[in-house]
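Reviewing the structure listed below.
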Amino acid sequence: MNDGGTFIVGIRFPSIEELTSTAAEEYWKSYQDSDTRYTTDVYISSHYDAIKQIQHNLTTRKIRDHETIIKEITSKIDLRYTFPQEMEHLLARIGFMITNVYGDWKKSALTNQSTQMIYVCKKQRVNSTP
């Protein structure tokens, strides 16, 4: 990126609800497939590793025809959380000056209730040594 170039990045804002571990499988939501008319019940379990700042999530989708479960699909995702002060440090360290920070793509202020962190940055001029 050229000096003075704009860099915009959006990441998830760590929320206390998402960082709370739920070792037991918990019901999240249900939805119905418009083609098959099957209902899918979605369950979540998670574990947060505070040392590595990674939340390990397991999602189970139980597809049923009325009361009979006909299929279960399990998926896993690991999310690495970055907190605001850490993000500011990382951006500065790699040569970016933060010009704006938002709580969403609509340019709302970043607050404790935000779900995202949007950073607008400028690439700083690199000092070259002879």
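The values are calculated or read from the model by the stated rules, or taken from the named source; none is laboratory data. All figures in this text were calculated on a predicted structure; none of them were measured in a lab. We place every Cβ from the backbone using ideal geometry, glycine too, and count neighbours over all the protein chains shown. In case anyone asks, the SASA skips ligands and DNA or RNA and just uses the protein heavy atoms, side chains included. Shrake-Rupley method; radii C 1.70, N 1.55, O 1.52, S 1.80 Å.
Summary table
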| read-out | value |
| --- | --- |
| Helix 84-93 axis, angle to the chain major axis (alpha carbon atoms, nearest 10°) | 40 degrees |
| Quotient of Cα Rg and 2.2 N^0.38 Å for the stretch 1-128, N being how many residues it contains | 1.45 |
| Accessible area per residue, Å², the stretch 16-63 with all protein chains present, probe 1.4 Å | 67 Å² |
| Amide H contacts of Ser108 (H built 1.01 Å from N, under 5 Å, at least 5 apart or other chain) | Gly103 |
| Within the accessible area of the chain (1.4 Å probe), percent carbon and sulfur | 52 percent |
| Linear extension gain, Lys76 paired with Lys123, 0.36 nm per residue minus alpha-carbon span | 13.4 nm |
| Pairs from Lys29/Lys52; Lys52/Lys106; Lys29/Lys76; Lys76/Lys106 whose Cα-Cα separation, in the structure shown, is over 19 Å | Lys29/Lys52; Lys52/Lys106; Lys76/Lys106 |
| Value of relative contact order over the stretch 1-71, rounded to a whole percent, pairs C-alpha under 8 Å and six or more apart | 23 percent |
| Farthest toward positive dipole pole in the chain [+1 Lys/Arg, -1 Asp/Glu at C-beta], among Thr68, His56, Pro14 | Pro14 |
